[in-house]
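For reference, the structure is listed below as structure tokens.
The values are calculated or read from the model by the stated rules, or taken from the named source; none is laboratory data. Keep in mind that this is a model prediction, so the values were computed, not measured. Cβ placement follows ideal geometry from the backbone for every residue including glycine, while neighbour counts extend to all protein chains displayed. Note: accessible area is taken over every heavy atom of the protein model, side chains too, but ligands, DNA and RNA are not part of it. Shrake-Rupley method; radii C 1.70, N 1.55, O 1.52, S 1.80 Å.
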Amino acid sequence: QVQLVESGGGLVQAGGTLRLSCAASGSIFSLNDMAWYRQVPGKQRELVATITRSGSTNYADAVKGRFTFYRDNGKNTMYLQMSSLKPEDTAVYYCNTLQITHKWGQGTQVTVYS
């Protein structure tokens, strides 16, 4: 089964930027609608952004205008460029298909302080 590995998280001051990466062990991005999710302890995992096979993107209202989702099919890697970060963006971020067909990776922690 394809493995998903998230990276790029860290500690950043409010207003800062981070770029998250999601690397897949196989070629799944061109075959699936993909998504970024995030989860805060004690809360359900929530959908942050999606990208279709054709490259169309959609964003949760909370991140619209601040996050950009793009992918590099040749590298089997997709990215979430995050800017104007807010403390409420603090969470563990995960990638998966939109249908959540793969095992969750370990996620990458994003912590935004004010």
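Odds and ends about this structure:
- Residue, most open to solvent (accessible area, probe 1.4 Å), within the range 62-114, restricted to residues that are aromatic (Phe, Trp, Tyr) and farther than 12 Å from PHE29 by Cβ: TYR113
- Filter result (among the β-branched types (Val, Ile, Thr) and either touching a Leu at 6+ places or on another chain (Cβ under 6 Å) or assigned to a loop (DSSP other than H, G, I, E, B) (or both)) within the range 11-68: VAL12, THR17, ILE28, VAL40, THR50, THR52, VAL63
- Contacts under 9 angstrom Cβ, first residue in the range 71-90 being more than 12 Å from VAL110 (Cβ to Cβ), partner open to solvent by less than 50 Å² (accessible area, probe 1.4 Å) and hydroxyl-bearing (Ser, Thr, Tyr), 6 or more apart: ARG71/THR77; ARG71/TYR79; ASP72/TYR79; THR77/SER21; MET78/SER21; TYR79/SER21
- The residues listed here are LEU47, LEU98, LEU20, LEU80; of these, the one that is under 20 Å from GLN1 (Cα atoms), within 14 Å of the chain's Cα centre (by Cα) and of a type outside the set (Phe, Trp, Tyr) is LEU98.
- Filtering TYR93, TYR59 for residues that are under 21 Å from GLN1 (Cα atoms) and aromatic (Phe, Trp, Tyr) leaves a single hit, TYR93.
- Any hit, the range 1-10, residues being part of a strand (DSSP E or B) and more than 13 Å from the chain's Cα centre (by Cα): yes
- Being surrounded by 12 or more Cβ atoms within 10 Å (Cβ to Cβ) and in contact with a Pro (Cβ under 9 Å, 6 or more places away or on another chain) is a property that does not hold for ALA49.
- The range 5-32, residues that are of a type outside the set (Gly, Ala, Ser), in contact (Cβ under 8 Å) with a residue 40 or more places away in the chain and open to solvent by 40 Å² or more (accessible area, probe 1.4 Å): VAL5, LEU11, GLN13, THR17, ARG19
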